[in-house]
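A.B. asks: Take a look at this one; I'll ask things after.
What follows draws every value from the coordinates through simple rules; no lab data is involved. This is a predicted model, so every value here is computed, not measured. Quick reminder, even Gly has a Cβ in these numbers, built from the backbone with ideal geometry, and neighbours come from all protein chains shown.
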Amino acid sequence: MPTPKHFPTPRFPAFTIACLSLSILLAVAASASPTVVVISPKGGAASGSPVFYEAYATSAGCAAGISAMRILTAPGVTAFKTGGAHIEHFVTLVPGSYSTEVQAWDNCGGSTKAAVDLTVDSTAGVSVFLPNHTSAEWPVHVAASAQNPSCPTGISALRIYTASGVTPYTIDSNMLDAYVNLVPGTYNLTVRALDKCGHTFNSQLSEVVTAGSDAYLYGAADFFPASGVARLNINSNGTLTNPNGTARLPISWLQSQVGTVAVDPGGWFVYASSKGGIYGYQINRSNGALVPIPGSPFPLNQTLNAEELAPTIVMDPTGNFIYVAYTNGGSSLATYRIHRSSGALTWTGWSRSFGPCVDGLTGLTTDFTGRYLYVNGNFKVIATDTCGSETYGLKADPDHGFLTSEVPGSPYSPPSFFTGASEPVSTGSYLYLIQNGVGVLGYSVNPATGALSTLTGSPFFFWGLTVGDSDSFFADWKTRFLWVADEGIGNHLQALAINRATGDIALAGLTQFPGTNSFDLAEDHTGQFVFFSLDPFTVDVPPAVPEVVAWAISSNGGLTKLNSVPVSTVFGDAITSIAVARKNPI
């Protein structure tokens with residue numbers, strides 16, 4: 001077809017055409033609307049009520065990010081709204097057909113809706129919303145609800161079974177939203193509901209659990225005279241990259257000294273403890289940037305004096321709570337509930353005191369399920385000289401996070417030659433504690449009660465191995481290795497192989513770290529890589545800059561260096577605590 005005569009032939013130079021095209025593309029990008037990804041419910045699905053919604057939004061054309069999201073159950077009918085770029089919420093709906101929408105707004109005036117058509121029925125039973133595929137990445141996100149209209153008193157509990165008789169999670173509610181630690185393999189999962197009229201309902205699914213991958217690493221940046229949370233990118237081959245190239249790492253600054261960092265198991269939120277409170281951030285899923293959560297920093301429930309350090313925080317493996325331990329002067333634990341949409345924290349109003357012998361808590365870890373918490377203390381000398389090193393085991397209430405009761409046998413006293421505080425780590429069904437200069441204690445964890453039983457070969461001593469700083473003790477989530485800093489004949493990391501059947505440990509691989517005597521470690525979700533924040537501050541080594549290093553894990557637990565990223569050009573600066581965020585938030 002001939003070109004109409006009223007369309008004159010362009011007479012612009014080639015470079016002008018290119019510039020015009022680029023301007024048009026930039027204009028389109030700048031005005032692009034947000035993108036909404038709905039994870040649950042699946043469009044067109046039928047289920048009972050309440051219905052579980054999970055979604056997130058990004059905005060490539062708006063540097064300021066997403067301002068808010070909401071769920072609409074009908075035109076103009078808002079069922080739920082939250083600030084930020086993430087929704088994780090149950091909506092109660094009466095039986096019927098719905099054309100629901102998830103809407104997001106960015107901070108540049110853009111808005112997008114994603115339609116979700118669904119049918120709600122009145123059938124008694126369990127509705128499992130997640131996982132909603134035949135395979136899922138570790139840790140597995142389980143979301144379910146239950147109903148029985150013929151039972152007027154409702155549902156009493158929901159329970160997850162990962163195998164016959166194996167119940168890692170139970171909640172006294174008709175709604176369940178939790179992450180479950182399952183090492184890669186095939187599982188026959190059951191979500192069971194019990195109502196208050198004596199009925200039981202089951203929903204079963206076969207699930208292939210795969211290793212995940214990580215996208216970002218976050219570290220507590222202790223840079224004089226300021227502190228903050230630094231960010232690095234994790235590549236698919238395990239190497240690390242500075243998002244700012246050769247410039248300083250991107251850092252979200254805090255107003256007081258940083259302590260430890262933690263990332264929730266879904267990869268949605270980052271938390272950093274400080275003397276001024278707990279700082280919370282949403283993770284921008286498009287680039288890993290940190291967006292402050294409204295209300296952050298969240299106040300501590302205990303006043304710190306000038307000599308005290310920032311408290312230690314540890315993440316509940318289910319993703320619903322954060323536990324806070326006061327490291328100096330105090331002897332209490334606090335629990336904060338995580339608002340699963342915004343990431344905001346609410347103190348549950350309960351704190352555990354450990355009596356006059358304890359002058360601060362040093363070690364804090366959960367078991368693999370999050371049902372039990374184990375802690376050690378800094379034990380001070382008193383006139384009666386009756387204080388000794390002990391390990392407390394506490395049962396965590398999944399409904400509120402309360403730590404109201406001790407597990408049977410708690411507190412546990414180590415052998416007499418293990419004195420002072422030690423650091424507990426857990427992996428699989430085992431708990432290990434380290435004592436500086438002595439050795440390693442090993443326990444098995446009773447999954448039904450949380451009680452600890454001493455392993456047959458414990459305590460474990462290794463000729464020539466000088467157990468180093470108790471802060472440098474780490475457990476592999478696949479229950480293959482323990483890694484411990486051996487500072488007896490140089491600065492290196494000793495791998496200890498774990499016998500999965502018995503929990504006993506033996507010497508394995510060795511990795512040398514010339515010129516470094518302290519670090520923190522985080523293992524990725526594939527179990528192939530670990531990342532260290534290395535502190536070069538030693539009296540016998542020339543000044544050097546701190547760095548974060550990526551390593552590949554060998555078959556014997558030894559490590560092969562992949563690459564390193566400087567975190568500062570100033571001697572004395574350091575990344576003191578690190579955590580990784582998973583790549584796929586599903």
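A.B. asks: Pull out a ≥ b ≥ c, the square roots of the eigenvalues of the alpha-carbon gyration tensor of region 149-305, then state rounded if a/c is under 1.5, prolate if not and a/b is larger than b/c, and oblate in the remaining case. Mind dumping the intermediate values first?
C.D. replies: Details: a/c = 3.31, a/b = 1.76, b/c = 1.88.
Oblate shape, in that a/c is at least 1.5 and b/c is the bigger or equal ratio.
A.B. asks: By the gyration tensor of its Cα atoms, with a ≥ b ≥ c the square roots of the eigenvalues, what is the shape of region 32-121: rounded for a/c under 1.5, prolate for a/b over b/c, or oblate? List each step's numbers first, then the result.
C.D. replies: Working: a/c = 2.33, a/b = 2.27, b/c = 1.03.
Since a/c reaches 1.5 and a/b is larger than b/c, the shape of region 32-121 is classed as prolate.
A.B. asks: If you stretched the chain out fully between V183 and A115, how much longer would it get, using 0.36 nm times the residue separation minus the C-alpha to C-alpha distance? Show your work: numbers first, answer last.
C.D. replies: Working: separation 68, 0.36 × 68 = 24.48 nm, distance 3.45 nm.
Extra length available between V183 and A115 comes to 21.0 nm.
A.B. asks: Here's a follow-up. From the cross-link list K42/K583; K275/K478; K478/K583; K561/K583; K395/K478, which pairs have alpha carbons spaced over 26 Å apart?
C.D. replies: Violating the 26 Å limit, Cα to Cα: K275/K478.
A.B. asks: Here is a follow-up. What spacing in nm lies between the two simple spin-label points modelled at R337 and C151, each 7 Å away from Cα in the Cβ direction?
C.D. replies: 2.3
A.B. asks: Then there's this: Quick check on packing: order 81-91, 101-111 by the mean number of other C-beta atoms within 10 Å, highest mean leading.
C.D. replies: Details: 81-91: 22.2, 101-111: 19.1.
For the peptides 81-91, 101-111, the packing ranking is 81-91, 101-111.
A.B. asks: To continue, here is another question. Based on the Cβ-Cβ distance of W253 and E308, what FRET efficiency does E = 1/(1 + (r/R0)^6) give at R0 = 22 Å, to the nearest 0.05? Show your work: numbers first, answer last.
C.D. replies: Working: r = 21 Å, r/R0 = 0.97.
Efficiency, rounded to the nearest 0.05: 0.55.
A.B. asks: Among 442-450, 424-432, how do they line up by average Cβ neighbours within 10 Å per residue, starting with the highest?
C.D. replies: Numbers: 442-450: 19.0, 424-432: 22.9.
For the peptides 442-450, 424-432, the packing ranking is 424-432, 442-450.
A.B. asks: Still on this structure, please answer the following. At what distance in nm do the modelled label points of N233 and Q512 sit from each other, each positioned 7 Å from its Cα along Cα→Cβ?
C.D. replies: 3.4
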